[in-house]
Amino acid sequence: LKDQFDNLDKHTQWGIDFLEKYAKFVKERIEIEQNYAKQLRNLVKKYCPKRSPKDEEPRFTSCIAFFNILNELNDYAGQREVVAEEMGHRVYGELMRYSHDLKTERKMHLQEGRKAQQYLDMCWKQMDNSKKKFERECREAEKAQQSYERLDNDTNATKADVEKAKQQLNLRTHMADENKNEYAAQLQNFNGEQHKHYYIVIPQIYKQLQEMDERRTIKLSECYKGFADSERKVIPIISKCLEGMILAAKSVDEHRDSQLVIDCFKSGFEPPGDFPFEDYSQNIYRTISDGTISTPKQEGMRIDSKTTVGKAKGKLWLFGKKPKPQSPPLTPTSLYTSSTPNGSQYPIFSIEPVHYCMSDIKTGKPRIPSFRSLKRGWSVKMGPALEDFSHLPPEQRRKKLQQRIDELNRELQKETDQKDALIKMKDVYEKNPQMGDPGSLQPKLTETMSNMDRLRMEIHKNEAWLSEVEGKVAARSDRRHSSDINHLVTQGRESPEGSYTDDANQEVRGPPQQHAHPNEFDDEFEDDDPLPAIGHCKAIYPFDGHNEGTLAMKEGEILYIIEEDKGDGWTRARRHNGEEGYVPTSYIDVTLEKNSKGA
């Protein structure tokens with residue numbers, strides 16, 4: 001039985017070692033999950049777009065799908081972290097706590113078994129000592145009896161010796177009887193303790209060790225199940241992540257990506273038109289007698305305004321400038337004439353080659369805004385400012401302006417909400433002075449009103465630019481339609497300086513002047529007609545008009561109304577000298593015409 005106790009000691013120790021071995025396995029698995037999740041997050045972070053909020057890179061469906069896949073992969077990494085956390089809390093942590101409790105319980109049970117064994121050994125030693133003492137006393141009693149019998153049978157022995165031997169025999173016999181009783185008691189006690197040890201104490205200790213080992217086995221089974229449940233719990237979420245990746249892959253639309261590319265790089269410019277035919281055979285028809293062109297040729301070269309409606313109206317070239325048509329070769333003394341309907345002649349070219357080149361250089365005038373653009377709030381003094389996105393193509397400029405208007409409207413809505421909140425708070429303070437001072441809100445309210453006025457001015461300014469761009473785009477579409485109708489015309493409209501105009505009545509090539517000066521403004525603004533007046537107003541209060549796009553006015557001044565208040569508190573007006581701008585509606589007394597559409 002002692003050997004079996006040792007075997008049980010070894011078996012319970014092996015069970016604890018196996019439990020700790022499995023705990024070590026779970027710990028390493030947790031580290032693998034954590035490292036895997038960390039590497040996945042680093043991978044997602046590496047390939048995620050690093051763009052500022054103002055970056056307006058086109059959002060292609062393939063890029064959006066890839067970003068969605070990265071997001072799903074990041075969520076997948078999060079689920080791996082959940083698995084590691086669940087394993088660490090439910091499996092590894094529980095195993096370590098149970099292992100500590102198991103060691104303590106095993107140590108207690110083994111100590112109880114050893115104590116029981118030690119107590120049984122002590123009882124056996126006491127019984128064995130009493131047995132040995134009883135055996136020794138019996139031998140001494142036998143010796144005393146033999147001595148007494150020898151002396152009693154010996155005739156030569158004295159009576160005293162016989163009495164002494166008899167007393168010694170009685171003493172030894174008495175001591176033997178006492179040891180016999182003691183041995184019997186010890187034996188009975190040992191037998192009882194031994195029976196209790198092998199039938200009660202040791203079985204109880206073995207049962208406790210068995211229950212402990214069974215609980216260890218059950219705990220391992222629960223940990224195995226928890227290990228699997230940690231994975232099974234995240235399977236639905238992982239499946240959703242994978243489904244999200246599949247949906248992202250299905251969302252890729254090649255046609256939409258192509259349309260995004262078109263919208264991104266669409267400039268709004270028209271393709272270049274056909275180059276006009278340049279006749280170099282004029283020298284062939286010069287007469288020998290007077291060196292002039294014959295009358296039929298002169299009549300054939302007569303300019304007809306009806307046939308000169310070309311495709312060059314409003315032409316915008318691909319890179320912003322029209323390539324200069326090559327001029328015919330000139331000679332220092334060449335002089336060509338053309339007759340008019342009344343028979344008079346005027347020279348076409350009568351300049352030296354160097355002078356012609358210098359005149360051509362002089363005609364390259366800078367592009368500056370028209371008077372209407374100056375009236376809308378930005379002047380030439382601002383220089384090449386890009387606030388109106390004039391450096392962009394028409395289509396891209398329109399998109400940028402629309403985005404800015406949307407942002408300004410959102411900011412204006414925020415300021416409006418803040419103003420309403422301040423007004424409500426001020427009313428509360430006026431009704432309940434103990435809650436606060438109403439005057440303390442006035443500076444913030446004034447600042448909010450100022451911000452609202454500034455935002456309204458910005459919105460009006462950008463809307464003016466946007467309407468200008470949209471008007472030009474519409475004009476280009478009309479010109480494109482007109483160009484398609486007149487596609488068979490052999491010669492387009494071209495100004496004497498080689499630039500294109502928008503007015504068909506000004507397209508007729510007139511006689512060139514040797515000292516002609518270029519116009520002050522670009523031809524593309526010459527067709528901007530002023531808006532019609534829909535009424536008039538009288539200034540009730542003076543307005544300084546320091547802000548950009550506003551119109552200053554004096555008290556009592558009469559102005560024309562060209563655009564009504566759209567609900568933002570501003571009305572567009574014009575002076576008698578043509579200067580336009582926005583004035584506060586509350587500062588004027590407006591009188592609209594009955595038939596404003598026909599005014």
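The values are calculated or read from the model by the stated rules, or taken from the named source; none is laboratory data. None of the values given here were measured: they were computed from a predicted structure. Backbone-built Cβ (ideal geometry, glycine too); neighbour counts: all protein chains shown. Only protein heavy atoms, including side chains, enter the accessible area calculation; ligands, DNA and RNA are left aside. Shrake-Rupley method; radii C 1.70, N 1.55, O 1.52, S 1.80 Å.
Within region 22-41, residues that are within 12 Å of residue 227 (Cβ to Cβ) sit with their Cβ atoms under 8 Å from residues that are open to solvent by 80 Å² or more (accessible area, probe 1.4 Å) and in a helix (DSSP H, G or I), at 6+ positions apart or across chains, in these pairs: 23/96. Pairs are defined by a Cβ separation below 7 Å, a sequence spacing of at least 6 or placement on different chains, a first member in region 562-576 that is at pLDDT 90 or above, and a second member that is open to solvent by less than 20 Å² (accessible area, probe 1.4 Å) and not in a strand (DSSP E or B); the pairs so defined are 573/551. In region 260-284, which residues are open to solvent by less than 90 Å² (accessible area, probe 1.4 Å) and of a type outside the set (A, V, I, L, M, F, W, C)? 263, 267, 268, 270, 272, 273, 276, 278, 279, 281, 282, 283 - these are the residues of region 260-284 that are open to solvent by less than 90 Å² (accessible area, probe 1.4 Å) and of a type outside the set (A, V, I, L, M, F, W, C). Checking 205, 246 one by one, the residue that is in contact (Cβ under 8 Å) with a residue 40 or more places away in the chain, in the same structural domain as residue 127 (by the TED database) and either in a helix (DSSP H, G or I) or closer than 28 Å to residue 27 by Cα (or both) is 205 and no other.
Just wondering, is there one or more residues in region 578-586 that are open to solvent by 60 Å² or more (accessible area, probe 1.4 Å) and modelled with pLDDT of 80 or more? Yes, there is a match, as at least one residue in region 578-586 is open to solvent by 60 Å² or more (accessible area, probe 1.4 Å) and modelled with pLDDT of 80 or more. Considering every residue within region 8-29, establish whether at least one is under 20 Å from the mean Cα position of the chain (by Cα), at pLDDT 90 or above and among the basic types (Lys, Arg). No, there is no match, as no residue in region 8-29 is under 20 Å from the mean Cα position of the chain (by Cα), at pLDDT 90 or above and among the basic types (Lys, Arg). Read through the list (1) touching a residue at least 40 places away in the same chain (Cβ under 8 Å); (2) of a type outside the set (Phe, Trp, Tyr); (3) exposed (fewer than 15 other Cβ atoms within 10 Å of the Cβ), then give the number of the only condition that residue 252 fails. The one condition residue 252 does not meet is (3).
Checking the stated criteria, residue 125 turns out not to satisfy the condition of being at pLDDT below 90 and not small (Gly, Ala, Ser). Taking every residue in region 179-194 that is within 16 Å of residue 139 (Cα to Cα) and pairing it with any residue that is open to solvent by less than 60 Å² (accessible area, probe 1.4 Å) and assigned to a helix (DSSP H, G or I), at least 6 positions away or on another chain, the pairs with Cβ-Cβ distances below 6 Å are 179/134; 179/137; 180/134; 183/130; 183/134. Inclusion of residue 109 among residues that are in contact (Cβ under 8 Å) with a residue 60 or more places away in the chain and either open to solvent by 60 Å² or more (accessible area, probe 1.4 Å) or closer than 30 Å to residue 195 by Cα (or both) is warranted. In region 96-117, the count of residues that are small (Gly, Ala, Ser), within 60 Å of the chain's Cα centre (by Cα) and in the same structural domain as residue 25 (by the TED database) is one or more.
Looking only at residues in region 540-594 that are among the polar types (S, T, N, Q) and either assigned by the TED database to the domain that holds residue 413 or assigned to a strand (DSSP E or B) (or both), the one that is nearest to residue 388 (Cα to Cα) is 550. On inspection, residue 549 fails the criterion of being open to solvent by 40 Å² or more (accessible area, probe 1.4 Å), at pLDDT below 90 and within 18 Å of residue 451 (Cα to Cα).
Can you find a residue that is open to solvent by 60 Å² or more (accessible area, probe 1.4 Å), among the acidic types (Asp, Glu) and under 30 Å from residue 212 (Cβ atoms) anywhere in region 149-171? No, every residue in region 149-171 fails to be open to solvent by 60 Å² or more (accessible area, probe 1.4 Å), among the acidic types (Asp, Glu) and under 30 Å from residue 212 (Cβ atoms). If you filter region 229-278 down to residues that are polar (S, T, N, Q) and under 30 Å from residue 396 (Cα atoms), you find that the one that is modelled with the highest pLDDT is 251. The set of residues in region 182-193 that are touching a Phe, Trp or Tyr at 6+ places or on another chain (Cβ under 9 Å) and open to solvent by 80 Å² or more (accessible area, probe 1.4 Å) contains only 182.
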